[in-house]
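The block underneath contains the structure these notes are about, expressed in structure tokens.
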Amino acid sequence: MLLRQRCGESLMTAVANDAQKAGIRKTVTILVVFVVAVFTWSIVKYLL
Amino acid sequence: MTTTVADHHHDEVPKGITRWLFTTNHKDIGTLYLWFSFIMFLVGGAMSLVIRAELFQPGLQVVDPHFFNQMTTVHALIMVFGAVMPGFVGFANWMIPMMIGAPDMALPRLNNWSFWLLPPAALLLVISLFVPGGGPASGWTLYPPLTIQGGMGMDFTIFTVHILGMSSILGSINIIATILNMRAPGMTLMKMPLFVWTWLITAFLLLAAIPVLAGAVTMLLTDRHFGTAFFDPAGGGDPALFQHIFWFFGHPEVYILILPAFGVISQVIPTFSRKPLFGYTSMVFASAAIAFLSFIVWAHHMYTVGMPLSGELFFMYATMLIAIPTGVKIFNWLATMWRGSLTFETPMLFAVSVVCLFTMGGLTGLMMSITPADFQYHDTYYIVAHFHYTIFAGSVLSMFAGIYYWLPKWTGHMYDETLGKWHFWLTVIGFNVTFFPQHFLGLAGMPRRIPDYALQFTEFNQISTIGSLVMGFAQLILLVVVVKAIRGGKKASAEVWENPEGLEWSLPSPPPYHTFATAPEVR
């Protein structure tokens, strides 16, 4: 909870408004899912 | 193009070591990246001088063969992952927020962490040289089965690659999030400076390529210690599989190193030609085309491993296709200069040298794309000459162009033009004396990564070593230039150059600690 709050504060220093903040969260989520999927698949496909 | 307000209200610069340890300011982090890159550049450069000293004469003089192999490996790993990649991330940190009118990167704390992952990773790699069995000696490609058999240094290297990869991924996420979400009002995608565009594309390349490398070295690790046999023929694995996976990462990596360089050149040439960049839209699409093609050409690095004829033909033609978008870029730079009001300050000298020398590296690459010809060139000094003409003459010289171009903006002082020109001429002459003869050595059949050679290769090797000494020690001039500019000198104006284009030039030199707290309006 504290971490979430602190991350939120950190974002506020650079981010102008809530819409921008939501956009950043969406972008980061999509990219993180993509990276994890590529890493996992690059190993798992040789195990199947 | 724009109106700008720089916010001076919160311009208190933190003091002492904590400023650098805990900073979330994009300019500070950019500076940290650039200094880290320069230190790694000197360390990797020193290793290349060890290699060249050994190759000055046939026979074994300076180091033993195992250490020679460690030097070739660690030199490459340091230059690729420690010098060039972090160097361009430094440029990205400094310039992208200022170019798009953002107050900082989207994720400032993540930015700090991305940087501070680098020094321990680099230390780990250098320490690997001193553990029992020595550092990695497999070449930067880390091919098994040699890397399955290596000592503890190999584990250090795998861990290093993981950490450096994590840093790159976090940095890329930050860059994409910043560019897509924090552009100033009116700054549409097709109004972004080319440097921002090339970095956006590079960041996507990194996100698609680095996890694959992480997967490959993770499998290497489990093969070494956890009883798997992905790449071990004794357990039913296949070493050639590693080569496919490595180069699926490795070829996009080449463009990760060169695309931001193209971005820098696309900023420098219009300024010193006093003309807008020719063919902006085609530059953007050419960059995207290069990025796409980079994922479907990986097997041209391993023709000699053996593959079906249809595979060889596919990779040969796909590789040749890359010449088209690359040619578009070269043509556009030349067209920008055509009938421009040219002047040749140090950044422009470096930019023009990149256009000339990188084109040579591209042309030798085109020769190597031809499968039957590549069987002759493979693993010879021709390859060494080729990739130094692309990575050193393409990426590193572009970085020098960028440093001289933006140094007055960063420090607020003009650099010493005379020393800059000395740095340029000694670097470019030294570079060509070092690497041009290596084409002949390769064509005559001298293999790479071997500390000894046949007598007939002696003269070209001696010329090459002399060139490397000139090029190596010339880099100390850059250090002097940068330190002098930081300490003082003629004050730089906000624009620095004659009517340069871009938001960064609307800020004072040096820019305040916090910029664009109020977003500028781009028309």
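The values are calculated or read from the model by the stated rules, or taken from the named source; none is laboratory data. Note that the structure is predicted; figures quoted are calculated from it, not measured. Reconstructed Cβ throughout: ideal geometry from the backbone, glycine too, with neighbour counts over all protein chains shown.
Residue count for segment B:176-220 under the criterion of being farther than 30 Å from A:LEU47 by Cα, small (Gly, Ala, Ser) and within 11 Å of chain A (Cβ to nearest Cβ): the result is 2. Among the residues of segment B:445-453, is any out of contact with any Leu (no Cβ under 8 Å at 6 or more places or on another chain) and among the acidic types (Asp, Glu)? Scanning segment B:445-453, I find no residue that is out of contact with any Leu (no Cβ under 8 Å at 6 or more places or on another chain) and among the acidic types (Asp, Glu), so the answer is no.
Restricting B:GLY165, B:GLY139, B:GLY135 to those that are outside any loop (DSSP other than H, G, I, E, B) and small (Gly, Ala, Ser) reduces the list to B:GLY165. Hey, does segment B:314-321 have a residue that's of a type in the set (S, T, N, Q) and in contact (Cβ under 8 Å) with a residue 12 or more places away in the chain? Yes.
Exactly one residue among B:LEU55, B:LEU77 is within 22 Å of the chain's Cα centre (by Cα) and either at pLDDT below 95 or of a type in the set (A, V, I, L, M, F, W, C) (or both), and that residue is B:LEU77. Residue count for segment B:376-389 satisfying the condition of being surrounded by 24 or more Cβ atoms within 10 Å (Cβ to Cβ) and more than 19 Å from the chain's Cα centre (by Cα): 2.
Taken as a whole, segment B:154-164 holds no residue that is over 16 Å from B:ALA216 (Cα atoms) and either surrounded by 21 or more Cβ atoms within 10 Å (Cβ to Cβ) or over 21 Å from the mean Cα position of the chain (by Cα) (or both). Of the residues making up segment B:231-243, those that are within 11 Å of chain A (Cβ to nearest Cβ) and surrounded by fewer than 24 Cβ atoms within 10 Å (Cβ to Cβ) are B:GLY237, B:ASP238, B:LEU241. Of the candidates B:VAL13, B:VAL62, the single residue that is assigned to a loop (DSSP other than H, G, I, E, B), touching a helix residue (DSSP H, G or I) at 6+ places or on another chain (Cβ under 8 Å) and without any contact (Cβ under 8 Å) to a residue 24 or more places away in the chain is B:VAL62. Go through the residues of segment B:257-277 one by one and say whether even a single one is of a type in the set (S, T, N, Q) and either touching a strand residue (DSSP E or B) at 6+ places or on another chain (Cβ under 8 Å) or within 14 Å of chain A (Cβ to nearest Cβ) (or both). There is no residue in segment B:257-277 that is of a type in the set (S, T, N, Q) and either touching a strand residue (DSSP E or B) at 6+ places or on another chain (Cβ under 8 Å) or within 14 Å of chain A (Cβ to nearest Cβ) (or both).
Per this entry, B:PHE392 is counted among residues that are in contact (Cβ under 8 Å) with a residue 24 or more places away in the chain, of a type outside the set (S, T, N, Q), within 15 Å of B:VAL254 (Cβ to Cβ) and buried (at least 19 other Cβ atoms within 10 Å of the Cβ). Entry remark, segment B:488-523: residues being over 21 Å from B:THR271 (Cβ atoms) and free of Cβ contacts under 8 Å to residues at least 12 places away in the same chain number 0 in total.
The residue that is farthest from B:THR222 (Cα to Cα), counting only those in segment A:23-48 that are small (Gly, Ala, Ser) and within 7 Å of chain B (Cβ to nearest Cβ), is A:GLY23. Has segment B:183-199 got any residue that is free of Cβ contacts under 8 Å to residues at least 12 places away in the same chain and in a helix (DSSP H, G or I)? The answer is yes; a qualifying residue exists.
Being surrounded by fewer than 24 Cβ atoms within 10 Å (Cβ to Cβ), within 20 Å of B:HIS251 (Cα to Cα) and touching a helix residue (DSSP H, G or I) at 6+ places or on another chain (Cβ under 9 Å) holds for only one residue in B:LEU213, B:LEU207, and it is B:LEU207.
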